[in-house]
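No value in this document is a laboratory result; all are computed from the given coordinates. Since the structure is predicted, the reported quantities are computational estimates derived from the model, not experimental observations. Virtual Cβ from ideal backbone geometry, glycine too; neighbours counted across all protein chains shown.
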Amino acid sequence: MTTVLSLSALALVAGMYLLVPALQGRQVHRMIAPQGEFQAVVDDSGVRVASRYSETTYRWPMLTRYTETDELFVLLTPDRYGIGIVVLPKRGASEPVDVDRLRDLLNLHATRVGPKRVRSGRPEPAQRG
């Protein structure tokens with residue numbers, strides 16, 4: 001009987017581990033979908049993100065770190081847990097060279113975290129500070 005309860009508890013925990021992120025993602029999507037398309041402008045002053053109903057500006061001291069995946073740049077707040085994030089999909093760039101320009105700008109103002117990658121045939125510059 002104890003083995004059955006243990007296996008049931010393990011199955012429940014594993015199911016929650018797999019199910020909760022999907023449910024959270026669905027909930028976030030329902031919350032932001034009515035805002036329509038988002039647009040972002042990144043320059044030397046910071047990052048501005050605008051949608052149909054909102055506009056938010058982040059100055060660089062608020063986004064001190066970033067990481068990169070094959071499809072995204074994820075900018076992180078300086079807190080230890082990275083609670084605040086700004087997600088910039090690479091598909092938003094008009095041309096591949098724009099992704100390189102964005103990476104260069106991020107390297108000027110934020111510290112890259114996570115693994116280094118080679119993009120566009122050129123090695124990544126050294127991390128800041």
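Brief remarks on what is shown
- Extension reserve of the residue 79-residue 105 stretch, reckoned as 0.36 nm per residue once the Cα distance is removed: 7.2 nm
- With a Förster radius of 35 Å applied to the beta-carbon distance between residue 13 and residue 95, the computed FRET efficiency rounds to 0.15.
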